[in-house]
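A quick write-up on the structure given underneath.
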Amino acid sequence: MVANRTVFVVISTGMACLGALGVLLAETPTPAKLEAKAAAKPATKSESESEVKLPEPPARIAGAAAQAKTCIECHEEIAELLKGDKHIADDFHCVVCHGRSQAHVELKVEGTLPDRAWRRWLEDEKRYQWRMKNATLEIAKYCGSCHARKGADRDDTKRINWEKYLDTGHGMGVSEGSQDAATCTDCHNAHGAGREAWTDNLVVQRCAICHGDKELAKRNNLDANVMEEFKANKHGDMPSTPAEKKTSCVKCHKTH
């Protein structure tokens, strides 16, 4: 009787140990389990290749320069801006970015937009509104199709790192569809690209367009007084600060 009880206790204890060992083995991470867990984990923006995919870069169009002359017949205000424009110098004329836009050219009806435009026509008010929905993102993607693409055909093309850009304050706002977020053309002129010298004064002026707008700042939980505070200190006192001591926003804050 005692012997039987002893045998039973030994067997029961052994089974319990085996059960515990089984649980332990089941919970022990193996390479296969770790890979499966990583695959199941939602990727963050920095972990994924990119949540926002870039389109293919625009191709040069035969006869684009001649077609651009038609554009200038109506859009005289940008003719001077295009002198010295790096896009034009590289044979990227109006139709490369805006499309051939036959309806826009032939109809000449107010509100008939080019094939690619980033604003919308308000029929009730008979005016254009800047910007149309998702314009900030579409502009960034279109510019990025050349300027953020590795191995572009021009060595002197100004490059940005697309993934790092999407992790900046501007990039995150743009990727989320914010109409307030600064997109490429808010800082860089699309017409007249490369003509401006990026001095400290110009950088501060461009940043102040948004960051000096108190209503915009409040809408986006930003410091509404940041530009006033900047201009009040030695860095921001641009006219009287010696050149060697001048600085600007981008010396500390990365835009892209």
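For segment 186-199, name all the residues that are under 16 Å from the mean Cα position of the chain (by Cα) and more than 15 Å from Phe92 (Cβ to Cβ).
Asp186, Cys187
Would you please list the contacts, defined by Cβ atoms under 9 Å and residues six or more apart or on different chains, that run from a residue in segment 98-116 that is within 22 Å of Thr136 (Cβ to Cβ) and among the acidic types (Asp, Glu) to a residue that is modelled with pLDDT of 85 or more and part of a loop (DSSP other than H, G, I, E, B)?
These pairs meet every condition: Asp115/Gly99; Asp115/Arg100; Asp115/Ser101.
Output the number of the condition that Val96 fails; it satisfies all remaining conditions of (1) at pLDDT 85 or above; (2) closer than 30 Å to Ala197 by Cβ; (3) assigned to a loop (DSSP other than H, G, I, E, B).
(3)
Which ones in segment 81-93 are surrounded by 16 or more Cβ atoms within 10 Å (Cβ to Cβ) and assigned to a helix (DSSP H, G or I)?
His87, Ile88 - these are the residues of segment 81-93 that are surrounded by 16 or more Cβ atoms within 10 Å (Cβ to Cβ) and assigned to a helix (DSSP H, G or I).
Has segment 138-154 got any residue that is farther than 19 Å from Pro58 by Cα, surrounded by 13 or more Cβ atoms within 10 Å (Cβ to Cβ) and either among the hydroxyl-bearing types (Ser, Thr, Tyr) or touching a residue at least 60 places away in the same chain (Cβ under 8 Å) (or both)?
no
Restricting to segment 56-75, and then to whatever is modelled with pLDDT of 85 or more and not in a helix (DSSP H, G or I), can you tell me which residue is farthest from Ala89 (Cα to Cα)?
Step by step, filter segment 56-75, then rank; the result is Glu56.
Looking at (1) within 15 Å of Lys254 (Cα to Cα); (2) at pLDDT below 90; (3) in a helix (DSSP H, G or I), which is the only condition Ile160 fails?
Every condition holds for Ile160 apart from (3).
If you take the residues of segment 119-137 that are modelled with pLDDT under 85 and closer than 24 Å to Pro55 by Cα, which of them is surrounded by the most Cβ atoms within 10 Å (Cβ to Cβ)? I'd like the intermediate steps shown before the answer.
First, pick out the residues of segment 119-137 that are modelled with pLDDT under 85: 119-134.
Narrowing the set further to residues that are closer than 24 Å to Pro55 by Cα leaves 119-120, 130-134.
Details: Arg119: 12, Arg120: 15, Trp130: 9, Arg131: 18, Met132: 16, Lys133: 10, Asn134: 13.
By that ranking, first place goes to Arg131.
Taking the condition among the charged types (D, E, K, R), within 30 Å of Glu51 (Cβ to Cβ) and part of a helix (DSSP H, G or I), does Lys141 pass?
So Lys141 fits the description; yes.
When segment 168-204 is examined, which residues are found to be outside any loop (DSSP other than H, G, I, E, B) and farther than 26 Å from Glu76 by Cα?
Gly169, His170, Gly171, Met172, Gly173, Val174, Ser175, Asp200, Asn201, Val203, Val204, listed by residue number.
Counting only residues that are surrounded by 16 or more Cβ atoms within 10 Å (Cβ to Cβ) and under 23 Å from Cys252 (Cβ atoms), how many does segment 187-212 have?
Counting residues in segment 187-212 that are surrounded by 16 or more Cβ atoms within 10 Å (Cβ to Cβ) and under 23 Å from Cys252 (Cβ atoms) gives 11.
Looking at (1) loosely packed, with under 11 Cβ neighbours inside 10 Å; (2) part of a helix (DSSP H, G or I); (3) touching a helix residue (DSSP H, G or I) at 6+ places or on another chain (Cβ under 9 Å), which is the only condition Val109 fails?
Here Val109 clears every test but (2).
The values are calculated or read from the model by the stated rules, or taken from the named source; none is laboratory data. Fair warning: this is a prediction, and the values are worked out from it, not measured in the lab. Cβ sites come from the backbone with ideal geometry, for glycine too, and all protein chains shown count toward neighbours.
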